[in-house]
Amino acid sequence: MAIRILPSQLIDQTAAGEVVERPASVVKELVENSLDAGARAVSVDVEGGGAVLIRVTDDGGGVPRDELELALSRHATSKIATLDDLEGLLSMGFRGEALPSIASVSRLTLTSRVAGSEHGWQIACNGGELDGPRPAAHGYGTTIEVRDLFFNTPARRKFQKAEKTELSHVDAVLRNLALARFDVEFKLTSNGRTVFALPAAVGREGQERRGAAVCGEEFMQHARYFERAIEGLCLRGWLAAPAFSRAQADMQFTFVNDRFVRDKLLRHAVRLGYHDVLFQARQPAYVAHVALDPRRVDVNAHPAKLEIRFRDSQLVHDFVFCTVEAALADTLVSVKDVARASPVRGATLAGTGASYASVRQESLALAPSGVREYLPLYDRLHARPPAAAVVDAPTVPPLGFALAQLAGIYVLAQNTSGLIIVHMHAAHERITYERLKASLAAQRLQAQPLLVPVSFEV
Ligand code: ADP
Ligand code: MG
């Protein structure tokens with residue numbers, strides 16, 4: 001075949017291949033446009049999981065009549081004009097590709113009214129054919145309706161999943177956006193039924209209510225707010241206590257300058273922050289917002305902008321890691337506490353030559369009465385703040401009193417809210433480990449550099 005320039009419709013459709021994967025990607029692009037337009041409230045209605053209809057309505061700035069056609073044109077955007085703008089980007093969009101791409105694989109109508117205009121204007125695009133603009137009734141803001149997604153691209157249509165699955169993707173995308181922008185009201189309906197309605201969240205309390213609505217009550221009960229800023233880098237959010245760890249990485253929400261991102265560097269840094277308090281196979285749950293000068297991050301690295309690049313990635317990584325680690329340590333026991341705590345019988349590790357084997361022997365031989373001494377300490381090391389009921393009864397320590405030993409390995413203890421099972425050996429290891437860390441911090445560990453380094457994993 002000879003080389004030729006592709007027809008415009010086909011160019012849009014190939015672009016759509018990258019950014020419009022399924023109804024949820026349409027929702028993401030449209031809602032991001034609403035946010036860029038300064039909307040305070042965004043509502044999304046879908047039918048048939050988005051395959052039949054996606055409608056996004058906002059109260060943002062709108063599109064003037066004579067720009068309606070441009071809005072649907074390829075590489076037309078109101079968000080950047082120069083390379084400088086691109087490098088200091090704060091808007092969600094900038095490529096001017098979403099609307100023409102979506103319009104090329106659906107039947108789209110765009111209705112909008114700007115401040116000062118007596119009525120709205122509507123333009124329609126039917127698989128690439130423009131129609132309008134014509135006058136239309138509309139409040140201030142914009143409504144975009146996308147019908148029959150992929151009606152003219154059967155191959156893509158075949159990849160669409162059941163209505164329920166597509167709806168769950170739409171739901172997930174909107175939840176990410178709701179955690180990115182607490183200040184905006186979000187609504188989702190499916191086939192006329194409300195899926196969720198989240199009022200704009202004011203203050204920390206409001207944000208935590210939204211957090212609970214999006215991530216579940218249980219997450220919020222176990223989560224603690226944290227915040228830290230240094231040298232133009234800020235990190236804030238909620239970290240779930242280790243007790244609320246998960247088998248999958250399904251509750252890890254990372255945002256950079258209010259954009260939801262699936263960034264490996266950030267996830268790795270947070271994970272590392274948890275390394276001391278979480279079993280290897282478990283996944284932490286958290287919401288983490290990074291804010292920094294937009295010039296220090298490149299968002300033009302992924303078609304859907306889910307991945308980004310930090311200019312000084314090592315610094316960001318270490319900042320996130322240290323902040324998370326410190327925030328978690330804060331909720332646990334302080335190093336001083338551990339150093340002061342009475343030692344477990346016989347196990348005087350610091351400064352002596354006690355071998356691992358002998359300590360292990362000791363721990364396995366511990367009688368319940370010995371365990372009792374360090375139960376409260378163990379609890380403080382690991383636990384979230386004790387439940388209210390326990391606080392009210394100060395005579396019962398959070399982990400209660402030991403009742404018996406099971407299989408020579410577990411301590412059964414009772415507190416005001418029920419039965420507690422403690423793995424003695426693990427508890428002992430933890431305490432020994434914390435004591436080692438404390439010694440290290442206090443520089444009481446004797447060290448000797450080796451000529452040939454030996455590395456080993458523990
Ligand atoms: P981009 O977001 O990259 O600029 P889009 O194709 O998503 O490209 O949108 C094209 C243009 O249409 C935007 O730059 C914006 O000016 C306008 N636009 C789209 N959606 C809205 C909206 N909901 N409110 C106001 N303007 C909008
Ligand atoms: Mg856009």
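At a glance:
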| read-out | value |
| --- | --- |
| Per DSSP, loop GluC sites (Glu not before Pro) in the range 91-140 with at most 12 further Cβ within 10 Å | Glu118 |
| Entries of Lys264/Lys437; Lys79/Lys264; Lys79/Lys161 with Cα pairs more than 32 Å apart | Lys79/Lys161 |
| Packing-based order for 281-288, 100-107, 420-427, 196-203, using average beta carbon neighbours within 10 Å, highest first | 100-107, 281-288, 420-427, 196-203 |
| Stretchable slack from Gln221 to Leu403, in nm (0.36 nm times residue separation minus alpha-carbon distance) | 62.6 nm |
| Principal axis box of the range 147-281, alpha-carbon based, largest edge first, Å | 51, 34, 32 |
| Relative contact order of the chain, defined on C-alpha pairs under 8 angstrom at six or more residues apart (%) | 11 percent |
| Percentage of interatomic Cα-Cα distances in the range 148-200 larger than 16 Å | 52 percent |
| Kirkwood Rh, Cα atoms: Rg over Rh of the chain | 1.09 |
| Magnitude of the charge dipole, the chain, Cβ model with Lys/Arg +1 and Asp/Glu -1, debye to 20 | 1100 debye |
| Debye intensity ratio I(q)/I(0), log10, the range 170-231, q values 0.13, 0.22 Å⁻¹ (C-alpha model) | -0.38, -0.93 |
| Kirkwood Rh, Cα atoms: Rg over Rh of the range 111-225 | 1.07 |
| Over the chain: helical MRE at 222 nm, DSSP H runs n ≥ 4 each giving -39500 (n - 2.57), nearest 500 | -11000 deg cm²/dmol |
| Whichever lysines have a C-alpha closer than 20 Å to that of Lys164, once near sequence neighbours (fewer than 8 apart) are set aside | Lys28, Lys187 |
| Relative contact order of the range 42-178, pairs being alpha-carbon contacts under 8 Å that are 6 or more residues apart, as % | 29 percent |
| Cα gyration tensor category, rounded, prolate or oblate, for the range 62-139 with a/c compared to 1.5 | oblate |
| In order through the range 427-433: 3J(HN,Hα) via Karplus (6.51 cos²θ - 1.76 cosθ + 1.60), integer Hz, x for Gly, Pro | 5, 5, 4, 4, 5, 4, 4 |
| Distance between the range 201-255 and the range 286-325 - C-alpha centres, whole angstrom | 17 Å |
| Estimated FRET transfer efficiency (Phe279, Glu208; beta-carbon r; R0 25 Å; 0.05) | 0.40 |
| Farthest positive-ward along the chain dipole, Cα basis, beta-carbon charges - from Leu188, Val396, Ala16 | Val396 |
| Shape box of the range 396-458 [Cα atoms, principal axes, largest first, Å] | 54, 26, 13 |
| Rounded percent of accessible protein surface that carbon and sulfur make up, the chain, 1.4 Å probe | 55 percent |
| Distance between modelled label sites at Glu18 and Leu315, nm, 7 Å Cα→Cβ extension | 3.0 nm |
| Residue (of Val261, Gly273, Leu235) at the positive-pole extreme of the range 173-287, dipole from beta-carbon charges | Val261 |
| Accessible surface, 1.4 Å probe, highest first, among residues Trp121, Trp238 | Trp121, Trp238 |
| Rg and Dmax [Cα atoms of the range 1-86; Å; Rg one decimal, Dmax integer] | 15.5, 52 |
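The values are calculated or read from the model by the stated rules, or taken from the named source; none is laboratory data. Worth saying up front: this structure is predicted, and the values here are computed from it rather than measured. Ideal geometry is used to build each Cβ from the backbone, glycine not excepted, and the neighbour counts take in all protein chains shown. All accessible areas refer to the heavy atoms of the entire protein, side chains included, with ligands and DNA or RNA removed. Shrake-Rupley method; radii C 1.70, N 1.55, O 1.52, S 1.80 Å.
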